[in-house]
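Here's the structure, in structure tokens; my notes come after.
Values quoted throughout were computed directly from the atomic coordinates according to the rules given, and no laboratory measurement underlies them. None of these values were measured; they are calculated from a predicted model. Every residue, glycine as well, gets a Cβ built from its backbone with ideal geometry; the counts of neighbours run over all protein chains shown.
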């Protein structure tokens, strides 16, 4: 039905004078198209803000770069410390082993040398201890039975004041006589 007003479409209105379902369908579709178009237009405008070189792009790039650099530095530091520790322990053991062997050889040589000199002196001196270094001695030697020690002291006589020392008539031992006076 028509209200009779010129330029109105009677089919867009129902019998009650209210808009029909077709009107609402067209209006809804139009609103949907405007909304979708607005969304894509807004998205395109907002996306343009994130084009390379734009302030929004530079801001999120800098934030991502800083975060990535911090995470990378932390991971690199942790990996480097673990690797450095393994390498340091291996090198330390190697250096320590060489230094320990050298010190052991030096100590062993010194200990062996000292023990050898002590044993040799004991053998050569005929196990006579307690020598007085402030007075002279008359010393008599015999061939040694110890390997590498050619002579051995078998007798020592402390030289005393007022005595004369000389070779005995047998030509093998030392004799002494008291001086007059």
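Data overview
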| read-out | value |
| --- | --- |
| Distance histogram in 10 Å bins (all Cα pairs of segment 92-181, percent per bin) | 14, 27, 24, 14, 11, 6, 3, 1 |
| Neighbour-count ranking [beta-carbon atoms within 10 angstrom, fewest first] of 101, 140 | 101, 140 |
| Spin-label pair residue 166/residue 85, simplified geometry with 7 Å Cα→Cβ offset, distance in nm | 8.8 |
